[in-house]
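In what follows, a structure is listed as structure tokens, so that the remarks can point back to it.
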């Protein structure tokens, strides 16, 4: 009965108050589980799964992480690895880790779950097709484009035939294939496909629906990539206006949409607008510190500081950067520090503001960040690795080792190609050209630095 009650408030269709109501029910049921009121382990597993999926749906990933692994453990232990209920729990666990940025580590689990669902449920079962889409996504996150693209296309063809053109899962596959087309440089085809997805979702679901919001977001990203900034801006403004009431103010997707609007203003040279949005973004992320992961807050603070710099407000930028460093009280030799923390400290110390600028300190932190990532598998296991390499190259150049900076920047460019973040290629390529020019004219470079 509790499971039915939770399922009746599907976060996919949540609107403002419904999301608040859902969280209240989830929190109450979670407390009952914590107190041991549910004696039957399989019933407890079902509730952990439903609660975890619902938290996942409203963007509360840390809370979802308190339930989905438990559901998987119980079902695996009692029902076995190939029971359909266990396979459902595996799929939810994969989705959670993907949202937490760990998708690249799940290839073996995703492949095994697909094989088992094919064997247990059949090749054309809806859940099997969802496992195919999940594996394609894991391949893409890991940079294995040659594996992701054909699997995404196969999944789309099957979904169209089995489920129909307007099924939500089919439209999801269309987005996956569009992303593959972007990676392949076929942006015109991708734009047509994403526009079709948006049109279908508008017709089927209306404007005020989470799935429509997602379609607008993807189309905006493509418009940015092809430098159609005004078209992208219209989409971005609309999503930022709609998201808080639709999926909740504290939802990470709501916060990320605002960050993306600020970043677009920066690309358009509208720094005052960007500062205004970033100020709101930083304040909202602090307000929802319990649900907002720290790295996005750091990114928003970096964006705000950079905007202040572009407006000549160095004192305000310095205040933001000092505040950011206060959040990052780590040492380069601290074993508990994350690569992202170390790389962020390095980035701050490379800013061209006297009170902050410290290239030698930046170099130590950047080297340590890259070293940690490489020890854990390098770029395929960390989608931010290319940014760390770019920061390291800048630190090397600013400390006089431009020869090494050239090689490091080339690695950063190669890593971008592996992680589907193609919009950064031009930026990194420009820096590489600057380093190569510095090698050709050392005297001019010394003056610049």
- Query: Taking residue 367, is it without any contact (Cβ under 8 Å) to a residue 40 or more places away in the chain and not in a helix (DSSP H, G or I)?
  - Reply: no
Assess whether residue 129 counts as being in contact with a helix residue (DSSP H, G or I) (Cβ under 6 Å, 6 or more places away or on another chain), closer than 27 Å to residue 69 by Cβ, buried (at least 16 other Cβ atoms within 10 Å of the Cβ) and assigned by TED's automatic domain parsing to the domain that holds residue 54. no
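Counting just the residues of the stretch 417-447 that are outside any helix (DSSP H, G or I) and under 23 Å from residue 266 (Cα atoms), which one comes out modelled with the lowest pLDDT? Even if it seems obvious, please write down each step before you answer.
First pass over the stretch 417-447, keeping only residues outside any helix (DSSP H, G or I): 420-421, 441.
The next check asks that each one be under 23 Å from residue 266 (Cα atoms); those that pass are 420-421.
Numbers: 420: 48, 421: 61.
For the stretch 417-447, the residue satisfying everything is 420.
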Scanning the stretch 370-408 for residues that are assigned to a helix (DSSP H, G or I), over 27 Å from residue 320 (Cα atoms) and modelled with pLDDT of 95 or more gives 402, 403, 404, 405, 406, 407, 408
Of the candidates 330, 282, the one satisfying the condition of being outside any helix (DSSP H, G or I), more than 17 Å from the chain's Cα centre (by Cα) and more than 24 Å from residue 426 (Cβ to Cβ) is 330
Q: Would you be able to say whether some residue in the stretch 290-303 is more than 18 Å from the chain's Cα centre (by Cα), in a helix (DSSP H, G or I) and not assigned by TED's automatic domain parsing to the domain that holds residue 58?
A: no
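Just name the residue that is surrounded by the fewest Cβ atoms within 10 Å (Cβ to Cβ) out of those in the stretch 224-237 that are in contact (Cβ under 8 Å) with a residue 24 or more places away in the chain and assigned to a helix (DSSP H, G or I). First the steps, then the outcome.
Taking the stretch 224-237 and keeping what is in contact (Cβ under 8 Å) with a residue 24 or more places away in the chain, we get 224-226, 229, 232-233, 236-237.
Next, from what is left, pick out any that are assigned to a helix (DSSP H, G or I): 224-225, 229, 232-233, 236-237.
Values: 224: 21, 225: 16, 229: 17, 232: 23, 233: 20, 236: 26, 237: 13.
Of everything passing the filter in the stretch 224-237, 237 is surrounded by the fewest Cβ atoms within 10 Å (Cβ to Cβ).
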When the stretch 244-257 is checked residue by residue, the ones that are surrounded by 22 or more Cβ atoms within 10 Å (Cβ to Cβ) and free of Cβ contacts under 8 Å to residues at least 60 places away in the same chain are 255, 257
When (1) within 29 Å of residue 107 (Cβ to Cβ); (2) modelled with pLDDT under 95; (3) surrounded by fewer than 19 Cβ atoms within 10 Å (Cβ to Cβ) are applied to residue 337, the one that fails is (3)
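The values are calculated or read from the model by the stated rules, or taken from the named source; none is laboratory data. Here the structure is a predicted model, which is why all the values come from computation and not from measurement. No Cβ is skipped: glycine too gets one built from the backbone with ideal geometry, and neighbour counts run over all protein chains shown.
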